[in-house]
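Asks: Just dropping this structure here.
The values are calculated or read from the model by the stated rules, or taken from the named source; none is laboratory data. Because the structure is predicted, anything quoted here is derived from the model rather than measured. Cβ placement follows ideal geometry from the backbone for every residue including glycine, while neighbour counts extend to all protein chains displayed.
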Ligand code: PA5
């Protein structure tokens, strides 16, 4: 299972986490758990939806072999989880692999309305071999609905009105929005996002599960991992509750040391999408201007994405010597690849590079992570490490639940609603007004 190490934080005298304060925060855990249970949120129930899983698998079976391309139309929480799943669990060059190697369709996540990308996507796909998944919780988001109307019209021109309907599937709220009505009228399959699951908490709903199943990802294992972490999330014992520990670290660092940014730095390219997904989760959930009691505040933890080792040569200088406002959360993987790739000793001819002889890339990556951690420690910068044994469905399910749980706890620490996004909604309202 995922582990969290943060002993370093107590050793950083003036810059780390004061142990006494941390322990006093730990006492809040049982009360926070009660509060969270009372909030009626549904993200932690998603792994139990066996009927939903069966419906998704049945649909995936039905359309197997019919499409060469899947295009997800969605934005924010309706897109980032899908990209994350694909990057973590499929080949890094999935879309350019030959069809016989993939055995499943290509997948494109169209999470922007940049016309150049839309046009160039059209040059890449064949309409007659494309399935469009339209994912929107509200069923009214202008970007997603604009894309939907555009592609529906195009598909009707390419394939004819009757056949076009077979090239769409919807993922949306049970009643709200306009997609439900279209689905009912046109007989388009429609999967449900439960009312009490917000966009950025929806990756384990059909939003993530449907595209994942169409790519051949084992969604039962994904949910199994999430279930295991849910047990940890509901643990009353502080020493076992990793989501709570993570939230407590972020909270205490902000309160005691004015550390207002969290750098999510996985040492695995496959987790690059996970870092993007986490950035949205933290930013939208915790950036708030009002407490639950209506008091005006200015709260937020700014997320930053960094990728090990790449960003050692880009951002780490700032993290070691720049402002003391960042907490770096490393994510390391014990086994990145099934085979060991070795730098052949005989090929290293320069004596000054002899330390690379016979070193595997896994070793080099892990040593570089430790070296960066050590450098940050010497500069008095707070870091912690999440360790996972490998990258697979179970581990990813655990990580999704861990981060979502930690966000729920952060909401309690700050006494804010971590599950709404009034700032985003206001932008949607103005878009509508300005176009009306
Ligand atoms: O987390 C959220 O609620 C948002 O980021 C939404 O996911 C995003 O705005 C897209 O909304 P919708 O899924 O309703 O189209």
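Asks: Which numbered condition trips up residue 371, out of (1) more than 21 Å from residue 271 (Cβ to Cβ); (2) more than 16 Å from the ligand (Cβ to nearest atom)?
Replies: (1)
Asks: Take the residues in the range 258-267 that are surrounded by fewer than 20 Cβ atoms within 10 Å (Cβ to Cβ) and touching a strand residue (DSSP E or B) at 6+ places or on another chain (Cβ under 9 Å); name whichever of them is nearest to residue 76 (Cα to Cα).
Replies: The selected residue is 261.
Asks: Same structure, new question: Can you tell me which of (1) touching a strand residue (DSSP E or B) at 6+ places or on another chain (Cβ under 9 Å); (2) surrounded by fewer than 15 Cβ atoms within 10 Å (Cβ to Cβ); (3) part of a helix (DSSP H, G or I) is the one residue 66 doesn't meet?
Replies: Against the list (1) touching a strand residue (DSSP E or B) at 6+ places or on another chain (Cβ under 9 Å); (2) surrounded by fewer than 15 Cβ atoms within 10 Å (Cβ to Cβ); (3) part of a helix (DSSP H, G or I), residue 66 comes up short only on (3).
Asks: Taking the condition on the phi > 0 side of the Ramachandran plot and more than 23 Å from the chain's Cα centre (by Cα), does residue 258 pass?
Replies: Yes.
Asks: Hey, among the residues in the range 276-300 that are surrounded by 21 or more Cβ atoms within 10 Å (Cβ to Cβ) and under 18 Å from residue 249 (Cβ atoms), which one's nearest to the chain's Cα centre (by Cα)?
Replies: Step by step, filter the range 276-300, then rank; the result is 278.
Asks: Right, here's the next one. Kindly indicate whether any position in the range 49-69 is within 17 Å of residue 277 (Cβ to Cβ), touching a helix residue (DSSP H, G or I) at 6+ places or on another chain (Cβ under 8 Å) and not assigned by TED's automatic domain parsing to the domain that holds residue 336.
Replies: So far as the range 49-69 goes, no, none of its residues is within 17 Å of residue 277 (Cβ to Cβ), touching a helix residue (DSSP H, G or I) at 6+ places or on another chain (Cβ under 8 Å) and not assigned by TED's automatic domain parsing to the domain that holds residue 336.
Asks: Mind checking which residues of the range 129-158 are part of a helix (DSSP H, G or I), farther than 25 Å from residue 425 by Cβ and in contact with a helix residue (DSSP H, G or I) (Cβ under 6 Å, 6 or more places away or on another chain)?
Replies: 155, 156, 158
Asks: Moving on to the next point. Which numbered condition trips up residue 91, out of (1) out of contact with any strand residue (DSSP E or B) (no Cβ under 6 Å at 6 or more places or on another chain); (2) farther than 27 Å from residue 143 by Cβ; (3) not in a loop (DSSP other than H, G, I, E, B)?
Replies: It fails just one condition, (3).
Asks: Just to be sure before I move on: is residue 106 more than 16 Å from the ligand (Cβ to nearest atom) and assigned by TED's automatic domain parsing to the domain that holds residue 55 in the structure I sent?
Replies: In short, yes.
Asks: Please go through the range 45-77 and give me each residue that is within 19 Å of residue 408 (Cα to Cα) and within 16 Å of the ligand (Cβ to nearest atom), ordered by number.
Replies: 46, 76, 77
Asks: Which numbered condition trips up residue 94, out of (1) closer than 26 Å to residue 203 by Cβ; (2) more than 14 Å from the ligand (Cβ to nearest atom); (3) surrounded by fewer than 16 Cβ atoms within 10 Å (Cβ to Cβ)?
Replies: (3)
Residues are listed down the side, and each one gets a yes or a no for (1) away from the ligand (no atom under 12 Å from the Cβ); (2) crowded, with 23+ Cβ neighbours inside 10 Å; (3) within 27 Å of the chain's Cα centre (by Cα); (4) under 23 Å from residue 130 (Cβ atoms):
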site	(1), (2), (3), (4)
162	yes, no, no, yes
168	yes, yes, yes, yes
173	no, no, yes, no
179	no, yes, yes, yes
189	yes, no, yes, yes
200	no, yes, yes, no
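Asks: What residue, of 380, 411, 405, is more than 16 Å from the ligand (Cβ to nearest atom) and either in the same structural domain as residue 201 (by TED's automatic domain parsing) or closer than 30 Å to residue 87 by Cβ (or both)?
Replies: Result of the check over 380, 411, 405: 405.
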